[in-house]
1. Take the stretch 99-112 and flag every residue that is open to solvent by 10 Å² or more (accessible area, probe 1.4 Å), modelled with pLDDT of 95 or more and outside any strand (DSSP E or B).
2. If you go through the stretch 156-164 one residue at a time, do you hit one that is in contact (Cβ under 8 Å) with a residue 12 or more places away in the chain, hydrophobic (A, V, I, L, M, F, W, C) and crowded, with 17+ Cβ neighbours inside 10 Å?
3. Would you be able to tell me the number of residues in the stretch 59-96 that are open to solvent by less than 50 Å² (accessible area, probe 1.4 Å) and either at pLDDT below 90 or in a loop (DSSP other than H, G, I, E, B) (or both)?
4. What number goes with the only condition from (1) modelled with pLDDT of 90 or more; (2) not in a loop (DSSP other than H, G, I, E, B) that Lys205 does not pass?
5. From the residues in the stretch 113-128 that are more than 12 Å from Phe73 (Cα to Cα) and in contact with a Lys or Arg (Cβ under 9 Å, 6 or more places away or on another chain), which one is most open to solvent (accessible area, probe 1.4 Å)?
6. Can you say whether Thr164 is hydroxyl-bearing (Ser, Thr, Tyr), closer than 24 Å to Asp79 by Cβ and either at pLDDT 90 or above or in a loop (DSSP other than H, G, I, E, B) (or both), as far as the supplied structure shows?
Amino acid sequence: MTTLEADRAGYRRDLRRWRRRSRRVKLARVVLPVAMVGILATVGGQVAWRSFTAGDRRPAENKAQIRMVTPRFYGQSSDGRPFIITARSAVRDENDLKRVFLDAPTLTLGVGSPAPTRSTADRGVYREDTLKLQLYGNVRMDDGAGYRFASDEAMVDTRNGNTTGETELQGEGPTGQVQSNAYSVYDKGDRIIFRGGVKTRIDRKTGQAVPEQGTAPE
């Protein structure tokens, strides 16, 4: 093979390689933009779908308890007597934020008066919308005038100061002792109604008459 023929053969090989590269370059110029458009369309579609469905998804509910340490709840009864409810701790009902569970609650009604009434218990439930306090376990009530009562449960309506209970009550004071299966306290403690199995023991030194069995003075 002469030198001229060798040069021509090398030229033809180079031409074929250049044509192959040229075809690949042209193909890449078409395929790459199409691929980029497809990728952008896919990403954009995912963003749009997530934005569309985000409005239908509710945020995860926070189940963490709202706990309070040594809480204080203030208010005033309908007759103007201020009251305060304290506790060792309290937890709000996560399903009803107006409902508060109390640990070792104390209710003081008539704060600042010469003879405020106090009620204590092991546990309690206070509703901030109705201002009613339900007491449970070792309920103790002191009317500030020397009368003390013990029961297992009591419902106190702080709006008017009335207290009711459907469990056994034992009470004592300057005039004697009383026991009943249920009770109601009205008019700032001036009127008390005992119901069911009432038993009384009157101190003779007071000059008070002993009521008949099964009845009790209001």
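1. Passing the criteria: only Ala104.
2. Within the stretch 156-164, one or more residues are in contact (Cβ under 8 Å) with a residue 12 or more places away in the chain, hydrophobic (A, V, I, L, M, F, W, C) and crowded, with 17+ Cβ neighbours inside 10 Å.
3. Total satisfying the criteria: 5.
4. (1) is the only condition that Lys205 fails.
5. Ranking the qualifying residues of the stretch 113-128, first place goes to Arg118.
6. Considered against the rule, which asks whether it is hydroxyl-bearing (Ser, Thr, Tyr), closer than 24 Å to Asp79 by Cβ and either at pLDDT 90 or above or in a loop (DSSP other than H, G, I, E, B) (or both), Thr164 comes out as yes.
The values are calculated or read from the model by the stated rules, or taken from the named source; none is laboratory data. From a predicted model like this one, the values you see are computed outputs, not experimental measurements. Here the Cβ is made from the backbone with ideal geometry for all residues, glycine too, and neighbour counts use every protein chain on show. Remember, those area values only see protein heavy atoms, side chains included, never the ligands or the DNA or RNA. Shrake-Rupley method; radii C 1.70, N 1.55, O 1.52, S 1.80 Å.
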